[in-house]
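Colleague: The structure is given below, and queries will be raised subsequently.
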Amino acid sequence: MRGEVLILNLNRPDALNALNSTMFDELDSFFSSEYKEYDANCIIITGKGEKAFAAGADIKELHGLSSAQAESLSRKGQIIFSKIEEFHLPIIGAINGFALGGGCELAMACHIRIASSKAKFGQPEVGLGIIPGYGGTQRLIQLIGKGKATELLLTGDLINAEEAHRLGLVNYVTEPEQLMDRAMEIAAKMQTRGPLALSGVIRSVNQYFSSAHEGYLFEAKTFGEVASTEDFAEGTKAFIEKRKPVFQGK
Ligand code: CO8
């Protein structure tokens, strides 16, 4: 903790901070609590290590899921990310490297995003034969608009920090060594504002998108359906075996 800003590190650098079930449980318990004991009034989420914010959901845990398990895990992750988006304190994502798949979805659930110039963003799930399952199909459209969001979701292309800034996916880009200082600067500004007003802004902004609820349910259902295909099994197996997938459309 620095001052009254709580810094939350995604801490699995050897796996590029890929989000496994333990990390999801920890995020869930963290954002289910008021965290009054820390007396924090702003939270910064960043990734441990120099390479990644989070390179996605842990693909090794996804392989072999049944359709029902996949839908239920997708909903679980969506609900946790919604808790982040709806948290009463401002949350800044300090994106220090890869923010891919579930990592990009986590970044998009934050209220403000600052990227290191080395960061890379994307929803590469289609390359694994799946779709985003933690709200990526909904929040990417909310942040950058349907046209470019659909292209990125369909191609799985990664974009660099400058492009993410140009599209409105991130608020600022900094040099890597200035990332945390910039995040702290914005946090410090918000700390001088009325805490009840800040949580009122968060609630009101989210209210604008309240009708999007159906879209999240639809995404989770579709994730479950796609997870029962041979393509899903092939895509995740190919990642584990470090080879290119061969999809059959089955
Ligand atoms: N899951 C598990 N392990 C990972 C992941 C991941 N997403 N990303 C990286 N790792 C591991 C690698 O397996 C490797 O481990 P090991 O050393 O044991 O082989 C280690 O991290 C380092 O990775 P690389 O050697 O691959 O590092 P590179 O610098 O060569 O490449 C990349 C970096 C390009 C980021 C590459 O690691 C990569 O392509 N990663 C996967 C990116 C991806 O496809 N992300 C999307 C995942 S799917 C997802 O997020 C779906 C969310 C919805 C789920 C819905 C509910 C079930």
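Computed from the coordinates by the stated procedures, all read-outs in this text should not be read as laboratory data. Owing to the predicted nature of the structure, the values given are computational and were not obtained by experimental measurement. Counting neighbours? That spans all protein chains shown, and the Cβs are built from the backbone with ideal geometry, glycine included.
Colleague: Does any residue of the stretch 240-248 turn out to be of a type in the set (Phe, Trp, Tyr) and within 30 Å of His88 (Cα to Cα)?
Modeller: No, that holds for no residue.
Colleague: Which ranges mark the helices (runs of 4 or more DSSP H) fully within the stretch 76-178 that have 2 or more residues being within 13 Å of the chain's Cα centre (by Cα) and within 18 Å of Asn9 (Cβ to Cβ)?
Modeller: Here the list reads 102-109.
Colleague: So Ala68 fits all but one of (1) in a loop (DSSP other than H, G, I, E, B); (2) closer than 30 Å to Glu225 by Cα; what number is the exception?
Modeller: (1)
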